[in-house]
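The values are calculated or read from the model by the stated rules, or taken from the named source; none is laboratory data. Bear in mind the structure is a predicted one, so any value in this text is a computation, not a measurement. No Cβ is skipped: glycine too gets one built from the backbone with ideal geometry, and neighbour counts run over all protein chains shown. Side chains included, ligands, DNA and RNA excluded: accessible areas come from the protein's heavy atoms. Shrake-Rupley method; radii C 1.70, N 1.55, O 1.52, S 1.80 Å.
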Amino acid sequence: VQLQASGGGLVQAGESLRLSCVASESIVSIAAMGWYRQAPGQSRELVAQNIGGSTKYADSVKGRFTLSRDNTKNTIFLQMDSLRPEDTAVYYCHGKRPLKPDYWGQGTQVTVSS
């Protein structure tokens, strides 16, 4: 499965962005899909993940980010509101089937200026 992420950009603090991730094939059988991010000099961290209809978020983004999934379009979205400078990172789309290697998108840069 190939994942193509898009939607990143440069915004000011308080503004919004919507990331999209399109898969090259059906995501119905991909149990876990979500987004990670990696800021310069830091390790990659989970932002949001949907598993079996349940979604979990990093504490730092709860109430501001919303993950959604459209199986009919093989796409997941990350709506990011009230962005903060500390949200600046490269955002990676991720997918995982049981007992299979992880799938990663190419990353999309999100930069939030103060």
Which of the numbered conditions does Ser29 fail, given that it passes all the others? Conditions: (1) in contact with a Cys (Cβ under 9 Å, 6 or more places away or on another chain); (2) open to solvent by 20 Å² or more (accessible area, probe 1.4 Å). (1)
Hits in region 33-62 (condition: exposed (fewer than 15 other Cβ atoms within 10 Å of the Cβ) and touching an Asp or Glu at 6+ places or on another chain (Cβ under 9 Å)): Gln38, Ala39, Ser60
Do we find a residue being surrounded by 12 or more Cβ atoms within 10 Å (Cβ to Cβ), in contact with a Cys (Cβ under 6 Å, 6 or more places away or on another chain) and modelled with pLDDT of 95 or more anywhere in region 14-22? yes
Just to be sure before I move on: is Ser114 surrounded by 12 or more Cβ atoms within 10 Å (Cβ to Cβ) and among the hydroxyl-bearing types (Ser, Thr, Tyr) in the structure I sent? no
If I ask for residues that are crowded, with 18+ Cβ neighbours inside 10 Å and either assigned to a loop (DSSP other than H, G, I, E, B) or not small (Gly, Ala, Ser) (or both), which ones from region 97-106 would you list? Tyr103
Identify all residues within region 49-68 that are within 11 Å of the chain's Cα centre (by Cα) and not hydroxyl-bearing (Ser, Thr, Tyr); write none if there are none. Gln49, Asn50, Phe65, Leu67
Among the residues of region 23-40, count how many are within 17 Å of Asp87 (Cα to Cα) and at pLDDT below 95. 1
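Residue-by-condition table, conditions (1) in contact with a Gly (Cβ under 8 Å, 6 or more places away or on another chain); (2) closer than 18 Å to Val112 by Cα:
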{"residue": "Ala31", "(1), (2)": "yes, no"}
{"residue": "Gly41", "(1), (2)": "no, yes"}
{"residue": "Tyr57", "(1), (2)": "no, no"}
{"residue": "Arg69", "(1), (2)": "no, no"}
{"residue": "Thr72", "(1), (2)": "no, no"}
When you scan region 16-75, how many residues do you find that are among the hydroxyl-bearing types (Ser, Thr, Tyr) and part of a strand (DSSP E or B)? 8
